[in-house]
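I have placed the structure first, in the form of structure tokens, so that the comments after it can refer back to it.
Throughout, read-outs are computed from the coordinates displayed, never taken from laboratory work. Predicted, not measured: the structure shown is a model, and the values here were computed from it. Note: ideal-geometry Cβ built from the backbone for every residue, glycine included; neighbour counts use all protein chains shown.
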Amino acid sequence: MIRLTMSLAVFAALLLMLTPDATAGKAGKCRSSCAKCCKVVCETKLVKKTVWVVECEEFCVANPTLGGGKCTQPRCGKSRSRKQLIKKEILVEVPAYRCVPAKCVCDSK
């Protein structure tokens, strides 16, 4: 049983090595006389970033007066301020690196 599984594994490996994609480069169809190499290219991309901003809001507090059942006009009280936390999303440019194929310098001998 072990021999059968070993022979099937070897057969599968040989079959993968003889696929058209693996033999195309060896036949010279995809390869040129000068090989290509990978070159790192730096680009920028836009990324959304969440930031929190504190804004101050000023408001007036009404000073209620008790008029003993009479309808009286409220007086203005003190001016107050409060801080509000506001969520904002901004776009930030960040570097992005990727590899691209490029022509290498080759020696023709």
Report task. Treat the count of other C-beta atoms within 10 Å as a stand-in for reagent exposure and order Cys38, Cys56 from fewest to most. Result -> Cys56, Cys38
Query - Charge sum, other residues only, whose C-beta stays under 9 Å from Val51's C-beta, Lys/Arg counted +1 and Asp/Glu -1 - result: +2
